[in-house]
Amino acid sequence: MAKLRKKDIEHFYRNYKLIGKAEKRIHAFTGTLSCRFCGKSSPEVIFKNDAHLVPELMGKNDFLYSEECDSCNSLFSKYESHLAIYLRPYLTMLGVKGKKKVPFFQSRSAADHTNGRTIITTGANNQKNIVLGSLDDYKIDHEKKVATFTFRNPPYIPLNVYKAFVKIGLSLLPNEKVAKYQNLCHWISDRPHGRLDYFPITIKTMMTESQFVEPRVELSESSRTIKENGFIPNLTLHLCFGNLIFQVYLPLAKRFNYHRLIVKKPIYILSHHIFQGIGDKETSRVVKAVQLGKSEPVQRDEQINFSFTSGDFNIGESQTSNPAK
Ligand SMILES: [Zn+2]
């Protein structure tokens, strides 16, 4: 990863403008409701469920949303279940409380059953109780004071994780922009959408020394998309929760004429959120690009490093003080 520079923050602001962010709903919504995804209105479709703009698995929140009908809502919860598997190692280890409690992590069992499942639960004061299914799941470097966990995730579909992200972004679109991005709304709700160009990449940043108190979600739109050396995706979404920042590039609007571009290369401009606190703390974040394009289930392992001094994580202690019974 190239060195992060302060001028990159300005670079983001020069190219993108904030157009939507998650806010708490103050008033109950009355009148005719219509769904921005399938385009149907009440009473043809029902709006009984509370649709969350930010999935509660990212932390309990009141960011509710009234333009999502119950049938779209149930389709989107399918995407969210893949997102939940993808995020689970982080949510468990960080102790991000969802609707009720911190989710537990359970690894998949190996096909040949040589390894058992590793199970991680959370006790009082966010202390982790870890039952290792395989000793390969964790390595400890006493000198550097770093523990590395390998989370053997159960299978999930990366493209559904991407769709869960895209859906959050579309919920943040101001009403007057919905028509421009209608092809995205139709794609996400499994309806005919015509041509759709997308870049299923997400930039994942993990901070090691700070955490967000509550989830923060923002959608930005680029003003000038075509450049000499490529093009800038129309919309980009930031999701900040726990100690994570995800930046996602949404598919292109239909009117964006991809075919006529001379250089068909997306230019990914990194979010200012990634750079915040830049300077001394520069080393305290890990930035990684993750591909989410596969539409088949994958079994991907997630490796996360924990330093002994940060947080309340101490595997040595939990192992010796709780001998296997
Ligand atoms: Zn709908």
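Number of residues in segment 53-104 that are of a type outside the set (Gly, Ala, Ser) and assigned to a loop (DSSP other than H, G, I, E, B): the value is 18. Highlighted here are the strands (runs of 3 or more DSSP E) found entirely within segment 128-234 that include at least 3 residues which are in contact with a Leu (Cβ under 7 Å, 6 or more places away or on another chain): 201-207, 216-222. It is to be established whether one or more residues within segment 77-97 are within 16 Å of the ligand (Cβ to nearest atom) and among the basic types (Lys, Arg). Scanning segment 77-97 turns up at least one residue that is within 16 Å of the ligand (Cβ to nearest atom) and among the basic types (Lys, Arg). Annotation: of all residues in segment 275-320 being under 21 Å from residue 211 (Cα atoms) and of a type in the set (D, E, K, R), the one that is modelled with the lowest pLDDT is 312.
Apart from one condition, residue 101 fits all of (1) more than 16 Å from the ligand (Cβ to nearest atom); (2) surrounded by 15 or more Cβ atoms within 10 Å (Cβ to Cβ); (3) modelled with pLDDT of 85 or more; the exception is (2). If only residues of segment 123-179 that are among the small types (Gly, Ala, Ser) and buried (at least 21 other Cβ atoms within 10 Å of the Cβ) are counted, the one that is farthest from residue 91 (Cα to Cα) is 171.
The residues of segment 180-209 that are of a type in the set (Gly, Ala, Ser) and within 16 Å of the ligand (Cβ to nearest atom) amount to a single one, 189. Please verify whether segment 208-226 includes one or more residues that are among the small types (Gly, Ala, Ser) and touching a Gly at 6+ places or on another chain (Cβ under 8 Å). Looking for residues that are among the small types (Gly, Ala, Ser) and touching a Gly at 6+ places or on another chain (Cβ under 8 Å), one finds at least one in segment 208-226, hence yes. If you go through segment 140-161 and keep only what is among the β-branched types (Val, Ile, Thr), more than 19 Å from the chain's Cα centre (by Cα) and modelled with pLDDT of 85 or more, you end up with 148, 150. In segment 117-129, is there at least one residue being within 16 Å of the ligand (Cβ to nearest atom) and not charged (D, E, K, R)? Within segment 117-129, none of the residues are within 16 Å of the ligand (Cβ to nearest atom) and not charged (D, E, K, R).
The values are calculated or read from the model by the stated rules, or taken from the named source; none is laboratory data. The model shown is predicted, which means the values in this text are computed figures rather than measured ones. Cβ coordinates were reconstructed from backbone atoms using ideal geometry, including for glycine residues, and neighbour counts include every protein chain displayed.
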